[in-house]
Amino acid sequence: MKLLLLRAIALIARLLRPRRRPGPIRRILLIKPDHLGDLLLATPALAALRRARPEARIVALVGPWARLMWAHSPDLDGLAELPFPGFERAAPRGGPPFARLARPYLLLAKYALLLRRERYDAALILRDDHWWGAALAALAGIPRRVGHAHPLCAPLLSDALPYAPREHVSRQGLAAVERLVGTGGPGDRGTGTPPLRFAPGPADQGWAGAWVAARLAPGERLVVIHPGTGGPTKHWPEEHWPIVADALAEMPGVRLLLTGGPGEAGLVDRIAAGMRRPPLTLAGQTSVGQLAALLGRAALVLGVDSGPLHIAVSQGAPTIHLFGPSDYERFGPWGDSARNLVLRAGLFCSPCGVFAACPRGTAGPECMALIAPETVVVAARGLLCT
């Protein structure tokens with residue numbers, strides 16, 4: 001049913017397409033509905049696009065929940081917000097069922113009309129299954145619409161790249177740029193890993209330097225555990241973290257810090273209470289820039305699949321990422337695999353991509369629970385000793 005509706009939208013978009021002569025690409029719209037970590041993983045694509053089209057005006061359309069990740073990007077000329085349906089992490093709005101069903105399409109029509117005024121020459125859909133974004137670009141009359149040939153997106157695109165759902169999202173973004181600017185051949189996704197780009201400002205760096213100087217003795221190394229994330233099934237059992245933290249705290253010259261975002265202070269406090277040695281804690285008290293600057297000073301950062309772990313990678317810190325329901329091939333660390341490790345149990349049903357509750361009904365996500373604390377300790381000690 002949805003596919004038929006999207007084909008109808010594609011037909012309407014063709015009928016409403018403004019008559020424009022082909023010309024150089026001067027105005028480019030990037031559509032990215034996701035959250036902080038996903039936007040960070042797309043920064044190699046932003047940098048590649050800016051290098052290839054330094055003269056173009058490049059504008060990104062993002063959710064208000066992720067604006068700050070690209071707010072100071074040197075690769076963008078503008079940043080606009082759109083409350084993309086399905087990506088809010090708040091409780092769904094009330095109202096009659098029909099109104100809830102109609103809202104995404106009414107929002108689509110509203111923003112398509114607004115975007116038509118901007119006369120963009122091209123749009124990059126920087127999420128391979130985002131049919132809503134592809135429909136938005138089509139209804140906005142944007143001639144070049146580059147994305148991936150997901151069954152729901154393909155009818156709405158002018159340039160559809162092969163759909164490889166387990167390809168890393170950073171590689172997908174780079175491929176979309178290559179298609180638009182004309183570099184690379186069919187199926188050429190390249191092999192390098194251009195770095196993630198997020199630069200904490202001087203004030204953030206100053207804050208982090210002062211924070212570390214006030215709490216660590218000379219020669220001590222900071223090890224950070226960030227246990228929280230947005231999806232319940234991506235969490236590791238709370239009782240496992242104190243085991244790992246205590247084992248690492250026993251290493252000479254190591255000081256443990258537990259970090260968390262807004263709303264994660266309770267999780268951090270419970271883990272700290274289970275440790276033999278009281279750690280440093282910092283939950284919900286930092287900006288993203290301050291957290292990035294602090295993670296950049298760490299000798300090691302451990303956690304689950306989350307934005308802060310990707311931020312740690314972007315700052316050059318060695319990292320350990322615990323993966324279960326998330327696809328490690330698609331969303332794993334984008335960096336040196338010898339310094340950024342993925343640990344997983346390899347359960348037959350993993351990755352399932354379901355983050356609200358285990359589809360098999362296990363008491364807690366089994367794919368996470370089966371990652372043994374001893375395995376994490378061994379990997380962490382290995383990185384700290386290199």
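The table below lists the values:
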read-out: Meets criteria (farther than 23 Å from L40 by Cα and in contact (Cβ under 8 Å) with a residue 60 or more places away in the chain) for A357; value: yes
read-out: Residue selected from the range 188-201 under the condition more than 17 Å from I311 (Cα to Cα) and either at pLDDT 95 or above or small (G, A, S) (or both), by the criterion surrounded by the most Cβ atoms within 10 Å (Cβ to Cβ); value: G190
read-out: Only listed residue being modelled with pLDDT of 95 or more, in contact with a strand residue (DSSP E or B) (Cβ under 8 Å, 6 or more places away or on another chain) and not acidic (D, E), chosen from L114, L39; value: L39
read-out: Answer residue from the range 332-365, given it is surrounded by fewer than 18 Cβ atoms within 10 Å (Cβ to Cβ) and charged (D, E, K, R) and is farthest from the chain's Cα centre (by Cα) among those; value: R360
read-out: Residues of the range 223-247 classified as surrounded by fewer than 22 Cβ atoms within 10 Å (Cβ to Cβ) and among the aliphatic types (A, V, I, L, M), total; value: 2
read-out: Any hit, the range 373-386, residues being under 16 Å from G228 (Cα atoms) and either part of a loop (DSSP other than H, G, I, E, B) or not assigned by TED's automatic domain parsing to the domain that holds H168 (or both); value: no
read-out: Residues satisfying the stated conditions in the range 273-303, i.e. crowded, with 24+ Cβ neighbours inside 10 Å and among the β-branched types (V, I, T); value: V301
read-out: Residue count, the range 228-254 (criterion: of a type in the set (A, V, I, L, M, F, W, C), closer than 16 Å to G303 by Cβ and touching a Leu at 6+ places or on another chain (Cβ under 6 Å)); value: 2
read-out: Unmet requirement for D128, which otherwise passes all of (1) out of contact with any Phe, Trp or Tyr (no Cβ under 7 Å at 6 or more places or on another chain); (2) in a loop (DSSP other than H, G, I, E, B); value: (1)
read-out: The range 161-179 residues that are at positive phi, paired with ones that are of a type in the set (A, V, I, L, M) (beta carbon under 6 Å, 6 or more apart); value: none
read-out: Answer residue from the range 325-370, given it is assigned to a loop (DSSP other than H, G, I, E, B) and among the aromatic types (F, W, Y) and is modelled with the lowest pLDDT among those; value: F355
read-out: Matching residues in the range 240-262 - criterion: being out of contact with any helix residue (DSSP H, G or I) (no Cβ under 9 Å at 6 or more places or on another chain) and in contact (Cβ under 8 Å) with a residue 24 or more places away in the chain; value: D246, A249, G253
read-out: Only listed residue being under 17 Å from P308 (Cβ atoms) and in contact with a Leu (Cβ under 9 Å, 6 or more places away or on another chain), chosen from L257, L216; value: L257
read-out: Per-region count, the range 203-220, residues in contact with a strand residue (DSSP E or B) (Cβ under 9 Å, 6 or more places away or on another chain) and either buried (at least 21 other Cβ atoms within 10 Å of the Cβ) or free of Cβ contacts under 8 Å to residues at least 60 places away in the same chain (or both); value: 3
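The values are calculated or read from the model by the stated rules, or taken from the named source; none is laboratory data. Quick caveat: nothing in here was measured; it's all calculated off a predicted structure. As a convention, Cβ positions derive from the backbone with ideal geometry for all residues, glycine included, and neighbour counts pool all protein chains shown.
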